[in-house]
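Worksheet: the structure to be examined is printed underneath.
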2 protein chains.
Amino acid sequence: MRISQLSAESGVPIPTIKYYLREGLLPQGEQTSATRAEYGPAHLRRLRLIRALLEVGRVPVAAIRTVIEAVEDERTDVHTMLGTAHYALASRPEPLAGDEEWARAREDVDRLIADLGWGVGPLAPGRDELAQTLVTLARLGMPATHADLLVYAQTAMNLARDHEMGKIPFDGPRDAAVETLVICTVMYGKALDVFRRLAQESESARILGA
Amino acid sequence: MRISQLSAESGVPIPTIKYYLREGLLPQGEQTSATRAEYGPAHLRRLRLIRALLEVGRVPVAAIRTVIEAVEDERTDVHTMLGTAHYALASRPEPLAGDEEWARAREDVDRLIADLGWGVGPLAPGRDELAQTLVTLARLGMPATHADLLVYAQTAMNLARDHEMGKIPFDGPRDAAVETLVICTVMYGKALDVFRRLAQESESARILGA
DNA sequence: CAGACTGGATAGTCTGACTATCCAGTAGGA
DNA sequence: TCCTACTGGATAGTCAGACTATCCAGTCTG
C-alpha cells in the first residue's frame with residue numbers, strides 16, 4: 001500500500017506519517033522505485049501503536065523511539081528488551097537534587113522493594129519516581145504510611161501477576177512481546193486510572209448522599 | 001512573607017510565581033502598600049500543591065485553575081465541587097467522531113457502570129475516556145474482556161473505598177476536602193502506576209529467570 | 001537618601017508535536 | 001505519447017503550553 005492509503009486507513013495525515021518516518025518511529029517502506037515505496041500491514045499496525053501511546057498514554061515521541069530501537073536491536077535478550085521498554089515509559093523526574101529528605105525517601109523505597117522480595121533492577125527509574133512521589137506527599141502534609149504503600153504495592157502485584165504478564169507471548173517473536181507489554185502497561189494503566197476516578201466519584205456520591 | 005521568601009522556601013523562581021498569580025492559580029497576596037504585598041503559609045501550601053500537580057501529576061495549568069475556581073466559588077456544594085475537581089483531572093480526549101465502534105464502546109461502558117451499581121454522573125468524562133481506551137485496545141488487536149474490566153473496576157473500587165475516600169475530611173473546610181481529594185487521586189495514582197511497572201519488571205525477571 | 005526589592009506589564013524563549021511548502025521524479029490513464 | 005496526480009525527501013513554519021526576561025516606577029531599609 002502507498003502512503004496515501006496508509007494515511008486513509010489509519011486516519012493519520014500524510015505529513016504526520018512522514019514525520020514519524022523521519023523520527024524513526026515507523027520503519028521505511030520498501031522502495032520500489034526512486035519515488036515510490038510500498039507499506040504493509042506491519043506499518044499500519046505500528047502506526048496504530050504509535051497513536052495509542054501518544055493519545056491515550058501521552059508517551060512522548062522520544063520515548064516511543066527508544067522502545068522501538070530496543071526492539072530492533074537483535075543483540076539484547078527479551079528481559080533486557082522489556083526492561084528498556086519499561087524504563088522508556090517512565091516519566092523521568094528532574095533530579096530533585098541531593099536533598100537529605102530525598103535520600104531518605106529513596107532508601108525507604110529500596111527497603112520496601114527488598115522487603116516485598118521483588119526482583120527489580122537497582123537502576124529502575126520507578127525507584128526514583130516513587131521516592132519523589134513520597135517526598136511530594138510528605139511536603140504536602142500527607143505522608144504515606146508504610147501500610148498504605150504495602151496495599152498499593154500488593155494491588156499492583158496482583159494485577160501484574162494475574163492479569164497482565166500472563167497476556168505476554170514470551171514464546172512468540174520478540175517484537176510481539178514488547179508490543180503487548182507496552183500496550184498492557186499503558187492501556188490498562190489508563191483504564192485503572194479512569195476506574196479509580198469513577199469509583200471515587202461514586203463513593204463521594206454515596207457518602208454525601210447526593 | 002514577601003515574594004522572594006516565598007520563592008526561597010518553595011524553590012519556585014519569582015517569575016514563575018508571578019506567572020501563577022497572573023494565571024489565577026495562586027491568590028494575590030495582601031497588599032500592604034502600592035508596591036508591597038504580604039504572603040502567608042496558605043500561599044506556600046498552595047504553591048506546593050501546584051508544583052505537585054504539575055510535576056508529578058502532569059496536570060495542565062488550565063485544569064488546575066478550574067479546580068481552584070471551583071473551590072473558591074462558595075455557591076457550589078461539596079459533592080459538586082469534588083465533581084468539578086475530578087472532571088478537571090480528566091484528560092479530555094478529542095471527540096474521536098461519531099464512529100459506530102465508538103458508540104458501541106460507550107454503551108458498553110455505560111452498561112458496565114450501571115451493572116457495577118456505581119453512582120457516576122452521566123456526563124463524567126471518565127466514561128468517554130474509558131470508551132476511547134476500549135476502542136484503542138480493540139484496534140490494537142487486544143480487545144479487553146468483560147472479566148478483565150470487572151477486575152480493574154473492582155480493584156479501583158477497593159482502593160477508593162478502603163484507602164482513599166476515607167482520608168478526605170468531609171467535615172472540615174471545603175478547600176481542605178478538595179485539596180485532599182486531588183492529592184489522593186493524583187499522587188496515589190502515580191504511586192500505583194509506578195508500582196505496577198515495578199511489579200511487571202519483577203514478574204518479567206521471575207518468568208524469564210533472569 | 002541610595003541601593004535593593006516589589007508588583008505589574010509586556011514580550012521573549014523553549015520544547016514537543018506536528019503541518020505546510022517545495023521539489024524533482026515517476027505511474028498510469030487519455 | 002504526454003499530462004496530471006501522486007510520491008519521497010528536504011526544509012521551514014506553526015501552535016500550545018509553561019515558563020523566563022526585561023523594564024518600570026514606586027517603596028522599604030539601613
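Worth a mention:
- Yes/no for A:Leu6 being closer than 25 Å to B:Met142 by Cβ, in contact (Cβ under 8 Å) with a residue 12 or more places away in the chain and within 12 Å of DNA strand C (Cβ to nearest atom): no
- Failed criterion for A:Arg92 (all others in (1) in contact with a Pro (Cβ under 7 Å, 6 or more places away or on another chain); (2) outside any helix (DSSP H, G or I); (3) crowded, with 16+ Cβ neighbours inside 10 Å hold): (3)
- Any hit, the stretch A:127-137, residues being surrounded by fewer than 16 Cβ atoms within 10 Å (Cβ to Cβ), assigned to a helix (DSSP H, G or I) and out of contact with any Gly (no Cβ under 6 Å at 6 or more places or on another chain): no
- Figure legend. Inter-residue proximity from the stretch B:17-35: first residues in contact (Cβ under 8 Å) with a residue 40 or more places away in the chain, second residues open to solvent by 60 Å² or more (accessible area, probe 1.4 Å) and within 9 Å of DNA strand C (Cβ to nearest atom), beta-carbon distance below 6 Å, spacing 6+ or different chains. No pairs are indicated.
- Odd one out for B:Val182, checked against (1) in contact (Cβ under 8 Å) with a residue 60 or more places away in the chain; (2) within 7 Å of chain A (Cβ to nearest Cβ): (2)
- So A:Arg48, is it within 15 Å of DNA strand C (Cβ to nearest atom), at pLDDT 95 or above and within 14 Å of chain B (Cβ to nearest Cβ): yes
- Residues satisfying the stated conditions in the stretch A:24-45, i.e. outside any loop (DSSP other than H, G, I, E, B) and within 8 Å of DNA strand C (Cβ to nearest atom): A:Thr32, A:Ser33, A:Arg36
- Residue among B:Thr35, B:Thr80 that alone is surrounded by fewer than 17 Cβ atoms within 10 Å (Cβ to Cβ), of a type outside the set (D, E, K, R) and either within 11 Å of chain A (Cβ to nearest Cβ) or within 24 Å of A:Gly141 (Cβ to Cβ) (or both): B:Thr80
- The residues on offer are B:Gly24, B:Gly29, and the sole one that is at positive phi, open to solvent by less than 50 Å² (accessible area, probe 1.4 Å) and more than 14 Å from chain A (Cβ to nearest Cβ) is B:Gly24.
The values are calculated or read from the model by the stated rules, or taken from the named source; none is laboratory data. Bear in mind the structure is a predicted one, so any value in this text is a computation, not a measurement. Cβ sites come from the backbone with ideal geometry, for glycine too, and all protein chains shown count toward neighbours. All accessible areas refer to the heavy atoms of the entire protein, side chains included, with ligands and DNA or RNA removed. Shrake-Rupley method; radii C 1.70, N 1.55, O 1.52, S 1.80 Å.
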